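Following: one structure in structure tokens, then a few remarks.
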Amino acid sequence: MAKTFDVVVIGAGPAGYVAAIRAAQLGMTVACIDDWKNDKGGPALGGTCTNVGCIPSKALLQSSEHFEHAGHAFAEHGVTIKGLSLDLARMQARKDGVVKQNNDGILYLFRKNKVAFFHGRGAFAGRAAGGYEIRIAGATEDTIVATHVVVATGSLPRELPGAPFDEQRILSNTGALALADVPRELGVIGAGVIGLEMGSVWRRLGASVTMLEALPTFLGAVDRQLADEAHKLFVKQGLAIHLGVKIAAVTSSENGVTVNYVDDKGVAQKATFDKLIVSIGRVPNTSGLNGEAVGLKLDQRGFVDVDEACRSNLPNVWAVGDVVRGPMLAHKGEEEGVAVAERIAGQHGHVDFNTIPWVIYTSPEIAWVGKTEEQLKAAGVAYRVGTFPFLANGRARALGDTTGFVKVLADAKTDEILGIHIMGATASELIAEAVAAMAFRASSEDIARICHAHPSLSEAVKEAALAVDRRALNF
Ligand SMILES: Cc1cc2nc3c(=O)[nH]c(=O)nc-3n(C[C@H](O)[C@H](O)[C@H](O)COP(=O)(O)OP(=O)(O)OC[C@H]3O[C@@H](n4cnc5c(N)ncnc54)[C@H](O)[C@@H]3O)c2cc1C
């Protein structure tokens, strides 16, 4: 007879593996199924995030930043390097090692928490007494029964019509993270988060990078003041960013990839690249799940249709992460995974969508939480602004990186923080204070009165909070 589990999670990306661990912590019997294969055909847990997303991209961003600093920034610190060279194979091997540590770490956590792991593709086979029958197709075939199912099957990169990924010349994030040589001419279609991060890596390592973006505004979702400043900085760094373009055709040949496009002035243009990264968004991945067998409802865009609490249209079937509405961010999926496990256990799991931070790991980093100035204006909310530049921060000067600023937006009447936007070194870390403050519904005065270590970049957050009340001390 098929083994029954209280919870079966399909997908071991950040949303799924965290849901499985939390459910096990809460005393339930849990299985997790994931089909990702490493280069030896074995399991590689962690999904897109660990294998071809967050983790490898940050490893390469770090390595390429070291390379750029060694070439350009160290001299100012009195550190001279002669004969600087790039060992890309070693850089890639290090990245692969970081990925493997994370893969193995999740497998260890499953063992520790007694989560049964199945390597293979999980699909609904039909209803079973008290739950759902899930068929697993992998090295071996198996069928298990789930009282609750958590669908966490993630997303896939969106292809440009007529230009399928071959991962040789036309690259998704997978190919973009695995290049064995630095391309001389690199094209990037889509100047969003992934495009900018990948473009930055390869520019730092020596590629000439051209970015083609369909939208007329740069980083449309980012607070305009930061986006405009970032645009200038990226162009200065050498990224050729073309906005408002319409891609007409992409043709791949022995000589490279040629992109025909119409620029923002309506003029037909043509560019040929050694490699082309296509980063125009991601689509939910429900292929192979066989949701039809049980009547799992998808929305118009192909996401599993869920309510605020991640409940699907079927009793005891939940869905979390990139496969459902909301920002495609690993930590958003993790929060949903935990909340669903707690709801299954009869608790009150909760995700606060207002305090999900966003980060772009370029140099400078860009991080924000809450509303932008444009959103507040559109909603007619009266607000006050405080900004503080890293130029006036002692630690930033000591680091040798004074780029960027912190911007705090607070309600004009109550002083409650409505948004914090940071551009600068370690913005990805600094944003945590802003998230905590907003989660506790702090005022700008609250941050202004908290003692911040000196000298630290975090003092810029305090100073920007002080600046809301026009009383910054160091600017
Ligand atoms: C280049 C890049 C960089 C990124 N950087 C960041 C970042 O810095 N920060 C951030 O927050 N987000 C980042 N993201 C986004 C992040 O990777 C995703 O939001 C996150 O991985 C989504 O998690 P998930 O668990 O929903 O799905 P996924 O991570 O996609 O995992 C889904 C898993 O389910 C498996 N699966 C699918 N169908 C089945 C099936 N039927 N049976 C068994 N297994 C199945 C898949 O193989 C996969 O292992 C990045 C993405 C990319 C591409």
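The values are calculated or read from the model by the stated rules, or taken from the named source; none is laboratory data. For clarity, every value in this text was computed on a predicted model and none was experimentally measured. Virtual Cβ from ideal backbone geometry, glycine too; neighbours counted across all protein chains shown. Please note that ligands, DNA and RNA were not included when accessible areas were found on the heavy atoms of the full protein model with its side chains. Shrake-Rupley method; radii C 1.70, N 1.55, O 1.52, S 1.80 Å.
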Checklist line | Average accessible surface area per residue within the chain, 1.4 Å rolling probe, Å² | finding: 46
Check: With a ≥ b ≥ c the root eigenvalues of the C-alpha gyration tensor of the stretch 303-347, is it rounded (a/c under 1.5), prolate (a/b larger than b/c) or oblate?
Finding: oblate
Next item on the list: Compute the distance in nm between two label points, each set 7 Å from the Cα along the Cα-to-Cβ direction, one at residue 73 and one at residue 414.
Entry: 3.9
Margin query: Probe radius 1.4 Å, ligands and nucleic acids ignored: give me the carbon and sulfur share of the accessible area of the stretch 1-109 as a rounded percent.
Written below: 54
Next item on the list: Specify which residue in the list 28, 427, 38 is farthest towards the positive end of the charge dipole of the chain, using unit charges on the beta carbon of Lys, Arg (+1) and Asp, Glu (-1), about the Cα centre.
Entry: 38
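Over the chain, what is the mean sequence separation of C-alpha contacts under 8 Å (at least six apart), divided by residue count, expressed as relative contact order in percent?
Working: 1025 pairs, mean separation 67.1, N = 475.
Over the chain, the number comes to 14 percent.
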Next item on the list: Please check which bits of the stretch 445-475 a label hung off residue 429 would reach, taking the label as a point 7 Å along Cα-to-C-beta and the cut-off as backbone N under 17 Å.
Entry: 452-462
Check: Counting DSSP beta bridges in the chain, what percent are antiparallel, to the nearest 5?
Finding: 65
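For the stretch 158-285, what does the alpha-carbon gyration tensor say about shape, rounded, prolate or oblate, given a ≥ b ≥ c as the root eigenvalues, a/c under 1.5 as rounded, and a/b over b/c as prolate? Please list the in-between numbers first.
Details: a/c = 1.41, a/b = 1.26, b/c = 1.12.
Because its axes are fairly even, with a/c under 1.5, the stretch 158-285 counts as rounded.
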Notebook entry, point to check: Mean Kyte-Doolittle of at least 0.0 and a Cα length of 15 Å or more along the axis: which whole DSSP H helices of the chain meet both?
Noted result: 14-25, 193-204, 427-439
Next item on the list: Just grab the label-to-label distance for residue 37 and residue 297, each label 7 Å out from Cα along the Cβ direction, in nm (one decimal).
Entry: 3.7
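For the stretch 127-260, which whole percent of the accessible surface, found with a 1.4 angstrom probe, sits on carbon and sulfur atoms? Please report the intermediate quantities before stating the final value.
Numbers: 3040 of 5740 Å².
Whole-percent figure for carbon plus sulfur exposure: 53.
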Notebook entry, point to check: Per the 1.4 Å probe, what fraction of the accessible area of the stretch 326-475, in percent, lies on carbon and sulfur atoms?
Noted result: 53
Next item on the list: Determine how many Å³ per residue the convex hull of the Cα atoms of the chain encloses.
Entry: 171
Checklist line | For the chain, calculated [θ]222 nm from helices alone, where every DSSP H run of n ≥ 4 adds -39500 (n - 2.57) | finding: -9000 deg cm²/dmol
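When a/c reaches 1.5 or more, the comparison of a/b and b/c decides; with that in mind, is the stretch 22-174 rounded, prolate or oblate per its Cα gyration tensor? Working shown, then result.
Numbers: a/c = 3.18, a/b = 2.05, b/c = 1.55.
Prolate, because a/c is 1.5 or more and a/b exceeds b/c.
Relative contact order for the stretch 302-460 using alpha-carbon pairs under 8 Å, separation at least 6, rounded to a whole percent?
Numbers: 270 pairs, mean separation 28.5, N = 159.
It rounds to 18 percent for the stretch 302-460.
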Note to self: From Cα pairs below 8 angstrom and at least 6 apart in sequence, can you work out the relative contact order of the stretch 7-76, rounded to a whole percent?
What the structure shows: 26
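Applying a 10 Å radius around every beta-carbon, put 342-350, 458-466, 140-148, 413-421 in order of their mean neighbour count, most first.
Values: 342-350: 14.3, 458-466: 25.7, 140-148: 17.4, 413-421: 21.1.
Order by mean packing, descending: 458-466, 413-421, 140-148, 342-350.
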Item checked: Separation in nanometres of the label points that stand 7 Å from Cα toward Cβ, at residue 440 and residue 82 -> 5.5
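Which entries in the list 371/413; 377/407; 58/462; 40/95; 100/275 go over 22 Å, if you measure between the two C-alpha atoms of each? Provide the component values of the computation, followed by the final result.
On the way: 371/413 16 Å; 377/407 16 Å; 58/462 28 Å; 40/95 17 Å; 100/275 26 Å.
Over 22 Å Cα-Cα: 58/462; 100/275.
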Note to self: Could you compute the net charge surrounding residue 311? Neighbours are other residues with a C-beta less than 15 Å from the C-beta of residue 311; K and R count +1, D and E count -1.
What the structure shows: -3
Note to self: Counting just the Cα atoms, what span does the stretch 305-443 cover along each of its three principal axes? Round to the nearest Å and put the largest first.
What the structure shows: 56, 35, 24
